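**Student:** The structure under discussion is supplied below as structure tokens; questions concerning it will follow.
The values are calculated or read from the model by the stated rules, or taken from the named source; none is laboratory data. A quick note: this is a predicted structure, and the numbers were derived from the prediction, not measured. Quick reminder, even Gly has a Cβ in these numbers, built from the backbone with ideal geometry, and neighbours come from all protein chains shown. Ligands, DNA and RNA are excluded from the accessible area calculation, which covers all protein heavy atoms including side chains. Shrake-Rupley method; radii C 1.70, N 1.55, O 1.52, S 1.80 Å.
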Amino acid sequence: MPAKQHNQAPPEAPRDCAVCPRLVAYRRENAAANPAWFNGAVASFGDPDAELLVVGLAPGVTGANRTGRPFTGDFAGALLYGTLGKFGFTQGTFDARPDDGLRLVGAMVTNAVRCVPPQNKPVGAEINACRPYLVSRIAALPKLRVLVALGKIAHDSTVRALGGKLSAHKFAHGARHELGGYALFDSYHCSRYNTNTGRLTQEMFEDVFASVRDELIRG
Ligand code: URA
């Protein structure tokens, strides 16, 4: 069952979304310095029949903000799309370019915040302002059963999008939550920082997706 929330937003923000003044200013700065980059609100990527929705934090400045596809062009994408591939959610080969021909099968990747934030850190008001798009994204996936939140910001926004309470659903790597009729799994974000510091290993990340696969197979 989709979360029942009053929500007027479409599932994707317009590329020139004007809701968050700080993010609009940062986007203009990036566009002035790098006019060939995408520099806009990055739309979700994947299969409209997705049973799995992966929720990231926000576009990286030289990653999704440059290429226009979530997790494409920065370190985090290689681990994310590589892992999705290992568990059968991709066709084609990820090559860090939006025209690499990669397709997601039964999965979609989105972000809690659709525009790149300075220092990779969206503020609370920006996360809240972008949540209606997450609510609509979830509601627009008729086959959706499982979500994976990458990091605490994605977790908190997803719990709220599903109408849950954070006090009842605390972020913890590997945790499984049930809310709004969906299963939500948590993982540390697959960022270069987390993998370099050893907070997240490839094995830990794959364990989360093994649980996701088991959940989807159990039916
Ligand atoms: N790229 C994204 O699109 N999202 C993230 O959370 C990190 C990198």
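**Student:** Can you give the helix-only mean residue ellipticity at 222 nm for the chain, where every DSSP H stretch with n ≥ 4 adds -39500 (n - 2.57) and the sum goes over all residues, rounded to the nearest 500 deg cm²/dmol? Write down the numbers at each step before the final one.
**Tutor:** On the way: 7 runs with 77 residues, N = 219.
Mean residue ellipticity, 222 nm, calculated: -10500 deg cm²/dmol.
**Student:** Straight-line reach from Lys152: which lysines have a Cα under 19 Å away, not including same-chain ones fewer than 8 places off?
**Tutor:** Candidates past the 8-residue exclusion: Lys121, Lys165, Lys170.
**Student:** Find the accessible area per residue for region 9-159; the probe is 1.4 Å, ligands and nucleic acids are left out, and the unit is Å². All intermediate terms of the calculation are to be shown ahead of the outcome.
**Tutor:** Numbers: 5830 Å² over 151 residues.
Each residue of region 9-159 exposes 39 Å² on average to a 1.4 Å probe.
**Student:** Still on this structure: In whole percent, and with a 1.4 Å probe on the protein chains, what portion of the accessible area of the chain is carbon and sulfur? If you can, show how the numbers build up before the last one.
**Tutor:** Numbers: 5230 of 9940 Å².
Looking at the chain in its full context, I get 53 percent from C and S.
**Student:** In region 101-174, what trypsin sites (Lys or Arg not before Pro) fall in a loop by DSSP, with at most 12 other Cβ atoms inside 10 Å?
**Tutor:** Qualifying residues, ordered by number: Lys143, Lys165.
**Student:** How many times 2.2 N^0.38 Å is the alpha carbon radius of gyration of region 21-218?
**Tutor:** Working: Rg = 15.7 Å, N = 198, 2.2 N^0.38 = 16.4 Å.
Cα Rg divided by the expected 2.2 N^0.38 Å: 0.95.
**Student:** Report ³J(HN,Hα) in whole Hz for each residue of region 17-26, in order, from the Karplus equation J = 6.51 cos²θ - 1.76 cosθ + 1.60 where θ = phi - 60°; Gly and Pro get x.
**Tutor:** Calculated HN-Hα couplings, in order: 3, 10, 6, 10, x, 5, 6, 5, 4, 5 Hz.
**Student:** In whole Hz, what ³J(HN,Hα) sequence does region 132-146 give by Karplus (6.51, -1.76, 1.60; θ = phi - 60°), x for Gly and Pro?
**Tutor:** Running phi through 6.51 cos²θ - 1.76 cosθ + 1.60 with θ = phi - 60° gives x, 5, 5, 4, 5, 4, 4, 5, 8, 10, x, 9, 4, 10, 10 Hz.
**Student:** Still on this structure: Residue by residue through region 60-76, what is 3J(HN,Hα) from phi via Karplus (6.51 cos²θ - 1.76 cosθ + 1.60, θ = phi - 60°)? Round to whole Hz and write x for glycine and proline.
**Tutor:** x, 4, 9, x, 4, 5, 7, 9, x, 10, x, 6, 10, x, 10, 4, 4
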